[in-house]
Amino acid sequence: MGFGDFKDKLQGLGEEHGDKVEQGMDKAGDMAKDKFGHEDQVDQAVEKGKGFVGGGEEQPPPEPGQ
């Protein structure tokens, strides 16, 4: 399985189970913020990941302070 196949499989799972995937990414992001800080960077990474897994519909990062 190459990277392209892996990417397609992740995107398919994201489309099929998007709500669960987003919940897991949010939880992982919260844990990372608790452990390492850097809230803005973690939030940006989580949103970017959601866009990738959700089929490429990338959402803009949250405004600072949210």
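The values are calculated or read from the model by the stated rules, or taken from the named source; none is laboratory data. Worth saying up front: this structure is predicted, and the values here are computed from it rather than measured. Cβ: placed from backbone, ideal geometry, glycine included. Neighbour counts: every protein chain shown. These area figures cover heavy atoms from the full protein model, side chains too; ligands, DNA and RNA do not enter into them. Shrake-Rupley method; radii C 1.70, N 1.55, O 1.52, S 1.80 Å.
Among residues of the stretch 1-13 that are outside any loop (DSSP other than H, G, I, E, B), those with a beta-carbon under 6 Å from a residue that is of a type outside the set (Gly, Ala, Ser) at least six positions away or on a different chain give the pairs 10/53.
When you check residue 34 against the structure, is it without any contact (Cβ under 8 Å) to a residue 24 or more places away in the chain, open to solvent by less than 100 Å² (accessible area, probe 1.4 Å) and of a type outside the set (Phe, Trp, Tyr), yes or no? Taking the combined requirement at face value, the residue does not satisfy it.
Among the conditions (1) over 10 Å from the mean Cα position of the chain (by Cα); (2) open to solvent by less than 90 Å² (accessible area, probe 1.4 Å); (3) at pLDDT 85 or above; (4) not acidic (Asp, Glu), residue 28 misses just one, which is (1). Entry remark, the stretch 9-25: residues being surrounded by fewer than 16 Cβ atoms within 10 Å (Cβ to Cβ) and under 10 Å from the mean Cα position of the chain (by Cα) number 2 in total.
Looking for something exposed (fewer than 14 other Cβ atoms within 10 Å of the Cβ), of a type outside the set (Lys, Arg) and modelled with pLDDT of 90 or more - is there at least one such residue anywhere in the stretch 39-56? Among the residues of the stretch 39-56, at least one is exposed (fewer than 14 other Cβ atoms within 10 Å of the Cβ), of a type outside the set (Lys, Arg) and modelled with pLDDT of 90 or more, which makes the answer yes. If you go through the stretch 16-25 and keep only what is under 24 Å from residue 3 (Cβ atoms) and either at pLDDT 85 or above or in a loop (DSSP other than H, G, I, E, B) (or both), you end up with 17, 20, 22, 24, 25.
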